[in-house]
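Note sheet for the following structure.
The values are calculated or read from the model by the stated rules, or taken from the named source; none is laboratory data. Just so it is clear, the model here is predicted, and its values are computed rather than measured. Backbone-built Cβ (ideal geometry, glycine too); neighbour counts: all protein chains shown. All accessible areas refer to the heavy atoms of the entire protein, side chains included, with ligands and DNA or RNA removed. Shrake-Rupley method; radii C 1.70, N 1.55, O 1.52, S 1.80 Å.
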Amino acid sequence: AAAAEAEVRLLLQEARESIEAARSYRRELPQRLRGIKDSATLTRDVLEQHFSDLKGTLKKLLDERLMSLLQEVDVIEQESIKPLDECQKLIEHGVSTADDLLREGESAVDGDVGQQNEKLCNFTKKALHIQLDSLPEVPSLVDVPCLSAQLDDCLLTILKNQIFRHGTVASRPPVQLEEFVEKPGGILVRWCKVDDDFTPQDYRLQYRKSTASHFEDVYVGSETEFMVLHIDPNVDYQFRVCARGDGRQEWSPWSVPQLGRTTLVPHEWTAGLEGYSLSSRRNIALRNDSQSCGVLYSKAPTYFCGQTLTFRQVLHGIETVGQPDRRDSLGVCVEQRNGDDSLQRDKAVCISTNGAVFVNGKEMTNQLPAVTSGSTVTFDMEVVQLGPCSNEGGNFKLRVTISSNNREVVFDWVLDQCCGSLYFGCSFSYPGWKVLVF
């Protein structure tokens with residue numbers, strides 16, 4: 001009986017799981033149907049708009065070509081008619097002159113006998129000065145232009161073949177969005193290829209706020225992930241990605257748009273410290289020409305264990321580097337402390353621009369590459385707790401990984417107190433250093 005009851009309970013559990021799975025599928029089914037309908041509607045709109053624009057462009061081009069040909073006909077007509085008009089005027093003038101002379105000669109012959117000799121003499125002199133047999137040469141018919149239009153009917157065949165091959169409708173994009181990772185003031189977007197027969201050359205990532213009507217490019221390149229910065233926290237953004245095949249010019253269809261958001265407020269440097277100039281979003285710090293020297297801290301303790309803290313410039317690492325100094329530092333600390341000129345102190349871990357790593361003010365044996373133009377420095381931390389969290393020394397330990405230029409060091413950072421969040425900071429002795437934090 002007990003075995004039968006256990007079997008029944010197992011069957012009931014399986015039935016409940018099946019029902020729950022069916023309900024989950026039923027909840028997801030409308031979303032899938034809506035996705036198909038929305039993508040079909042969008043595709044129709046894109047096709048109609050594209051072919052409408054294409055028809056308008058073709059009509060404009062045909063009208064321009066027609067106007068050019070008509071103007072060419074006008075020019076040839078005017079150039080061909082002009083010499084014939086001049087010839088006709090000369091002939092008409094000669095005929096008119098001959099008619100006048102003919103009338104004058106008839107009058108001289110038919111006049112009085114007394115005046116006849118004088119009139120005949122004047123007529124003879126006048127007739128000798130007029131070349132009655134001099135007429136312009138009339139061009140032969142073969143020399144006269146005969147305009148015609150030469151229209152090649154094969155253009156229609158070419159256009160027909162090109163139009164029938166123009167455009168495709170795809171139901172399976174070759175790349176899809178894979179993962180969204182929340183970052184302070186940003187989202188790390190990853191994508192992957194889903195078509196084994198497709199060889200990608202470049203990817204193109206776009207995004208927009210859910211309230212916006214148009215996507216905008218945020219990345220074009222060969223990588224399969226990109227950190228999208230300047231993201232407002234707790235706001236939905238829509239992403240999509242496409243790819244360009246190897247040796248091709250056209251882009252593939254877009255992936256299924258997906259929503260991403262971050263709940264993490266962006267990292268910001270503290271404003272107002274002499275010696276550093278900040279960007280409008282206060283996430284980029286530039287060591288200026290001021291003689292003042294000190295540590296620039298974050299506005300708040302916004303770095304939490306389990307996250308990755310990255311120092312770099314907006315484009316390809318630290319864009320501008322100044323003269324290095326052994327007291328330079330990039331790192332994190334438990335608290336802000338005014339009066340220090342470096343994070344190479346207690347309750348802080350940092351890396352110097354020469355690659356030296358410091359833990360609580362002591363330099364480690366392991367060293368990273370020097371920070372130069374194009375460098376990116378990351379900090380990763382996880383909690384390794386030795387005992388009950390208290391204010392007694394040595395009861396709280398963080399495992400720290402610092403990476404730079406494809407190398408990393410890992411060590412344990414022992415603290416005398418629990419730290420739920422940490423400050424970050426930097427210090428540079430000389431101007432020219434420009435660092436982005438995220």
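Values computed for the structure shown
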item: Residue in the range 239-247 that is in the same structural domain as Lys193 (by the TED database) and within 17 Å of Gly185 (Cα to Cα) present; result: yes
item: Any hit, the range 58-65, residues being open to solvent by less than 90 Å² (accessible area, probe 1.4 Å), aliphatic (A, V, I, L, M), at pLDDT 80 or above and more than 30 Å from Leu159 (Cβ to Cβ); result: no
item: Pairs with Cβ under 9 Å, 6+ apart, first in the range 50-70 and under 16 Å from Leu151 (Cβ atoms) and part of a helix (DSSP H, G or I), second of a type outside the set (D, E, K, R) and modelled with pLDDT under 95; result: Leu69/Ala149
item: Residue in the range 351-377 that is most open to solvent (accessible area, probe 1.4 Å), counting only those that are in contact (Cβ under 8 Å) with a residue 60 or more places away in the chain and in contact with a Phe, Trp or Tyr (Cβ under 8 Å, 6 or more places away or on another chain); result: Thr376
item: Selected residue [touching a Lys or Arg at 6+ places or on another chain (Cβ under 8 Å) and modelled with pLDDT under 85] from Leu386, Leu415; result: Leu386
item: Test: residue in the range 314-332 that is more than 26 Å from Trp413 (Cβ to Cβ), under 33 Å from the mean Cα position of the chain (by Cα) and assigned to a strand (DSSP E or B); result: no
item: Residue list for the range 268-287, restricted to those being touching a His at 6+ places or on another chain (Cβ under 7 Å) and free of Cβ contacts under 8 Å to residues at least 40 places away in the same chain; result: none
item: Answer from Phe215, Phe226 - the residue that is aromatic (Phe, Trp, Tyr), under 30 Å from Ser421 (Cα atoms), within 15 Å of the chain's Cα centre (by Cα) and not assigned by the TED database to the domain that holds Leu286; result: Phe226
item: Output for the range 22-46, where each listed residue is of a type in the set (A, V, I, L, M, F, W, C) and open to solvent by less than 70 Å² (accessible area, probe 1.4 Å); result: Ala22, Ala40
item: Gly167 vs. criteria touching a helix residue (DSSP H, G or I) at 6+ places or on another chain (Cβ under 9 Å) and exposed (fewer than 14 other Cβ atoms within 10 Å of the Cβ); result: yes
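Residue-by-condition table, conditions (1) touching a residue at least 40 places away in the same chain (Cβ under 8 Å); (2) surrounded by 14 or more Cβ atoms within 10 Å (Cβ to Cβ); (3) in a loop (DSSP other than H, G, I, E, B); (4) not assigned by the TED database to the domain that holds Gly331:
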site	(1), (2), (3), (4)
Asp346	no, no, yes, no
Val349	yes, yes, no, no
Phe379	yes, yes, no, no
Lys397	no, yes, no, no
Trp413	yes, yes, no, no
Cys419	yes, yes, yes, no
